[in-house]
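Student: Below are the structure tokens for one structure; questions will follow.
The values are calculated or read from the model by the stated rules, or taken from the named source; none is laboratory data. From a predicted model like this one, the values you see are computed outputs, not experimental measurements. Note that we place each Cβ from the backbone using ideal geometry, even for glycine, and neighbour counts take in every protein chain shown. These accessible areas exclude ligands, DNA and RNA; they are computed on the full protein's heavy atoms, side chains included. Shrake-Rupley method; radii C 1.70, N 1.55, O 1.52, S 1.80 Å.
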Amino acid sequence: MDVLVRLLQLLVLFLTLPLHLMALLGYWQPLCKSYFPYLMALLTTKSNRKMESKKRELFSQLKELQGASGKVALLELGCGTGANFQFYPPGCRITCLDPNPHFEKFLTKSMAENRHLQYDQFVVAPGEDMKQLADGSMDAVVCTLVLCSVQSPRKVLREVRRVLRPGGVLFFWEHVAEPRGSWAFMWQQVLEPTWKHIGDGCCLTRETWKDLENAQFSDVQMERQPPPFKWLPVGPHIMGKAVK
């Protein structure tokens with residue numbers, strides 16, 4: 001199987017050689033950073049239609065974190081286009097964090113369409129190093145389709161625990177690897193080196209549920225779901241919450 005994977009990877013690399021050459025020469029990454037927000041805006045609109053009921057169910061639990069002020073300090077990690085904003089209850093004060101500054105204009109549009117929320121700031125930074133955010137400053141962190149593309153999920157989750165107050169909650173929705181040994185997993189291995197360039201670092205074979213289970217949260221609840229788009233190589237999804 002490993003030999004077959006290597007051969008098929010070489011075939012895909014040959015077929016997408018211009019992309020890999022551009023990446024090697026340093027031309028692809030700036031281009032990707034510019035177009036990727038437009039791609040995500042398209043995909044998240046379609047995804048939200050398919051996942052609307054599940055997202056409403058998950059994010060309705062944010063109301064339980066409201067204090068006496070009726071507010072929830074919420075960090076949207078890898079905020080992207082702000083596709084989750086419509087599902088948040090009133091009273092959320094949102095800090096957005098993303099390493100790609102090109103998302104800001106999409107966030108401005110999303111906030112204008114969701115006046116029930118308060119927009120605090122947009123921080124341009126990777127999830128592995130959120131030094132701009134104080135310890136225990138957040139009631140909730142939302143992380144959707146982010147841990148697939150970060151450099152180190154473990155470091156990101158360590159930072160999430162740091163910025164959450166005691167009893168704070170991480171809400172997550174992530175795509176993960178297909179079962180090892182399956183044909184679907186084999187194709188994920190084949191496509192991953194090329195897909196990472198197309199998807200701005202997105203990895204297809206991460207077993208993110210293991211990182212969440214080992215991140216020292218006091219309670220982790222998750223459910224597994226089929227991927228919303230059968231025509232993409234992303235695998236099943238996990239959705240749930242982790243309590244500090």
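Student: I'd like the full set of residues that are part of a helix (DSSP H, G or I) and under 15 Å from the mean Cα position of the chain (by Cα), limited to region 60-86.
Tutor: Residues of region 60-86 that are part of a helix (DSSP H, G or I), as a first pass: 60-65, 85-86.
Across region 60-86, the qualifying residue is only Phe85.
Student: Another question, if that's okay. What residue, among those in region 200-239 that are of a type in the set (D, E, K, R) and free of Cβ contacts under 8 Å to residues at least 60 places away in the same chain, is farthest from Val156 (Cα to Cα)?
Tutor: It comes out as Lys230.
Student: Then there's this: Please find, within region 196-209, the residue that is most open to solvent (accessible area, probe 1.4 Å) out of those that are at pLDDT 95 or above and not in a loop (DSSP other than H, G, I, E, B). Steps first, please.
Tutor: Residues of region 196-209 that are at pLDDT 95 or above, as a first pass: 203-209.
If we keep only those that are not in a loop (DSSP other than H, G, I, E, B) as well, we get 208-209.
On the way: Thr208: 1, Trp209: 53 Å².
The residue in question is Trp209.
Student: Taking Met51, is it open to solvent by less than 10 Å² (accessible area, probe 1.4 Å), closer than 26 Å to Cys202 by Cβ and either in a loop (DSSP other than H, G, I, E, B) or at pLDDT below 90 (or both)?
Tutor: Numbers: open to solvent by less than 10 Å² (accessible area, probe 1.4 Å): no; closer than 26 Å to Cys202 by Cβ: yes; either in a loop (DSSP other than H, G, I, E, B) or at pLDDT below 90 (or both): yes.
Considered against the rule, which asks whether it is open to solvent by less than 10 Å² (accessible area, probe 1.4 Å), closer than 26 Å to Cys202 by Cβ and either in a loop (DSSP other than H, G, I, E, B) or at pLDDT below 90 (or both), Met51 comes out as no.
Student: Right, next: Considering only residues that are of a type outside the set (Ser, Thr, Tyr), open to solvent by 10 Å² or more (accessible area, probe 1.4 Å) and touching a residue at least 60 places away in the same chain (Cβ under 8 Å), which ones fall in region 123-142?
Tutor: Hits for region 123-142 are Met138, Asp139.
Student: Among (1) hydroxyl-bearing (Ser, Thr, Tyr); (2) closer than 20 Å to Met222 by Cβ; (3) open to solvent by 30 Å² or more (accessible area, probe 1.4 Å), which single condition is Ser69 missing?
Tutor: Answer for Ser69: the failing condition is (2).
Student: Condition first: surrounded by 15 or more Cβ atoms within 10 Å (Cβ to Cβ), part of a loop (DSSP other than H, G, I, E, B) and out of contact with any Asp or Glu (no Cβ under 6 Å at 6 or more places or on another chain). Now tell me which residues in region 210-235 satisfy that. Let's see the steps before the verdict.
Tutor: Of all residues in region 210-235, those surrounded by 15 or more Cβ atoms within 10 Å (Cβ to Cβ) come to 211-212, 215, 217, 220, 222, 227-228, 233-235.
If we keep only those that are part of a loop (DSSP other than H, G, I, E, B) as well, we get 215, 217, 227-228, 233-235.
Result: Ala215, Phe217, Pro227, Pro228, Pro233, Val234.
Student: Those residues that are surrounded by fewer than 20 Cβ atoms within 10 Å (Cβ to Cβ) and small (Gly, Ala, Ser), I need them from region 143-187; list them, please.
Tutor: Matches in region 143-187: Ser149, Ser152, Gly167, Gly181, Ser182, Ala184.
Student: I'd like the full set of residues that are crowded, with 22+ Cβ neighbours inside 10 Å and of a type in the set (S, T, N, Q), limited to region 93-109. Walk me through it before giving the result.
Tutor: First, the residues of region 93-109 that are crowded, with 22+ Cβ neighbours inside 10 Å: 94-98, 103.
Within region 93-109, just Thr95 meets the criteria.
Student: Could you please give the count of residues in region 118-161 that are within 20 Å of Leu58 (Cβ to Cβ), among the aliphatic types (A, V, I, L, M) and in contact with a strand residue (DSSP E or B) (Cβ under 7 Å, 6 or more places away or on another chain)? Spell out the reasoning first.
Tutor: The initial filter retains those residues of region 118-161 that are within 20 Å of Leu58 (Cβ to Cβ), namely 127, 138-148, 153, 156-157, 160-161.
So of that shortlist, the ones also among the aliphatic types (A, V, I, L, M) come out as 138, 140-142, 145-147, 156-157, 160.
Next cut, in contact with a strand residue (DSSP E or B) (Cβ under 7 Å, 6 or more places away or on another chain) only: 138, 140-142, 145-147, 160.
Residues that pass the stated criteria total 8.
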